[in-house]
Amino acid sequence: MSVVSFSPKPVSTSVAAIASQAFEVRPFSGAVGAEIIGLDLSRPINDRDFARVHRAHLDHHVVVFRDQRITPEQQIAFSRRFGVLQIHVLKQFLLAGHPEILIVSNIIENGQSIGLGDAGKFWHSDLSYKELPSLGSMLHAQELPSEGGDTLFADMHKAWDSLPEALRKAVKGRSAAHSYTARYSESKFEGNWRPTLTPEQLAQVAEVVHPIVRTHPENGRKALFVSEGFTTRIVGLPEDESKQLLDELYAHSVQPQNIYRHQWQAHDLVFWDNRSLIHLAAGCPSHLRRKLYRTTIQGDAPF
Ligand code: OGA
Ligand code: MN
């Protein structure tokens with residue numbers, strides 16, 4: 001008589017492999033940007049899928065993940081896979097319990113702004129006023145207005161590639177100063193949402209100097225790295241010459257053929273590369289509620 005021996009299944013101590021998700025990267029027809037369809041950021045992302053997202057981000061500079069039902073914790077965890085997160089100087093607008101998230105919102109509750117109401121009213125690259133500016137930022141839509149509220153992105157690699165020879169010569173080897181307070185109190189939309197900075201906050205945003213033309217550390221391409229939001233002057237030029245040159249660079253950078261205009265859809269998560277693009281908030285009527293959560297990933301010192 002044969003004995004059938006039953007051995008219990010060994011208890012596995014290794015974590016089960018994460019399955020790949022079937023998703024598509026669809027480039028937009030215009031200047032830059034791609035949509036990522038079918039990737040669910042609330043599920044674990046394996047290394048292969050992460051590498052595809054990383055590649056799409058480098059190739060298209062701004063990627064739009066549709067319909068993401070994710071929590072702040074999940075946005076933070078996904079952002080961290082790209083690097084260290086930066087905490088914004090406006091502490092009063094950080095999400096309670098999650099300082100890695102900056103609330104971008106025009107909503108006023110009990111007479112107080114709940115978030116940064118006019119982030120991006122001038123073209124800018126996030127945190128270019130820091131020694132280590134941002135690699136990229138993610139904005140996740142929480143509440144969207146029924147009209148307006150678009151975000152525009154301009155390709156600064158294209159701006160450099162198409163820069164007329166005279167302007168190339170004029171900026172060759174030059175650096176520019178960047179400051180968070182450059183246009184801090186200027187109101188462009190209805191109302192002025194900016195809180196007065198404390199001395200401690202001012203100390204965190206002392207002026208920095210960066211090259212006007214930077215090399216992207218991952219794709220190797222050159223990009224213009226000045227913008228009207230935070231750049232204050234070109235080092236070593238008289239003020240009028242500096243202003244004229246900067247104005248020409250700004251006008252050249254934001255020509256229509258270099259721009260992608262993002263019209264937000266519910267639950268969009270948009271992830272852009274601050275080393276390749278500058279961006280702008282188009283604004284919306286102030287009585288319409290708009291709220292987004294931003295995470296900001298630290299990048300390298302520009303070179
Ligand atoms: C930002 C920003 C633009 C917008 O959050 O960094 O510039 O449309 N936002 O809200
Ligand atoms: Mn911004």
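Taking segment 212-230, which residues are outside any loop (DSSP other than H, G, I, E, B) and surrounded by 19 or more Cβ atoms within 10 Å (Cβ to Cβ)?
Matches in segment 212-230: Val213, Arg214, Ala223, Leu224.
If you take the residues in segment 119-163 that are over 18 Å from the mean Cα position of the chain (by Cα) and acidic (Asp, Glu), which one is nearest to ligand 1 (Cβ to nearest atom)?
Going through the qualifying residues, I end up with Glu143.
Would you confirm whether any residue within segment 160-183 is in contact with a Gly (Cβ under 7 Å, 6 or more places away or on another chain), basic (Lys, Arg) and over 18 Å from Pro302 (Cβ atoms)?
For segment 160-183, residues in contact with a Gly (Cβ under 7 Å, 6 or more places away or on another chain), basic (Lys, Arg) and over 18 Å from Pro302 (Cβ atoms): present.
Of the numbered conditions (1) away from ligand 1 (no atom under 11 Å from the Cβ); (2) over 14 Å from the mean Cα position of the chain (by Cα), Leu116 fails exactly one; give the number of that condition.
The one condition Leu116 does not meet is (1).
If you check every pair at least six apart or on different chains, which have Cβ atoms under 8 Å apart with a residue in segment 45-62 that is within 15 Å of Trp272 (Cα to Cα) first and a residue that is of a type in the set (Ser, Thr, Tyr) and surrounded by 15 or more Cβ atoms within 10 Å (Cβ to Cβ) second?
His61/Ser276; Val62/Tyr260
Only one of (1) surrounded by fewer than 17 Cβ atoms within 10 Å (Cβ to Cβ); (2) of a type in the set (Asp, Glu); (3) closer than 28 Å to Leu41 by Cβ is not met by Glu100, so which one is it?
That leaves (1) as the condition not met.
Which condition breaks for Phe153 when tested against (1) buried (at least 22 other Cβ atoms within 10 Å of the Cβ); (2) farther than 21 Å from Gln255 by Cα?
So Phe153 meets the others, but not (2).
Go through segment 111-139 and count every residue that is of a type in the set (Lys, Arg) and within 11 Å of ligand 2 (Cβ to nearest atom).
Summing the residues that are of a type in the set (Lys, Arg) and within 11 Å of ligand 2 (Cβ to nearest atom) in segment 111-139 gives 1.
Read-outs throughout are calculated quantities, based only on the coordinates presented, and are distinct from any laboratory measurement. Every value quoted in this text rests on a predicted model; they were computed, and no experiment measured them. Cβ: placed from backbone, ideal geometry, glycine included. Neighbour counts: every protein chain shown.
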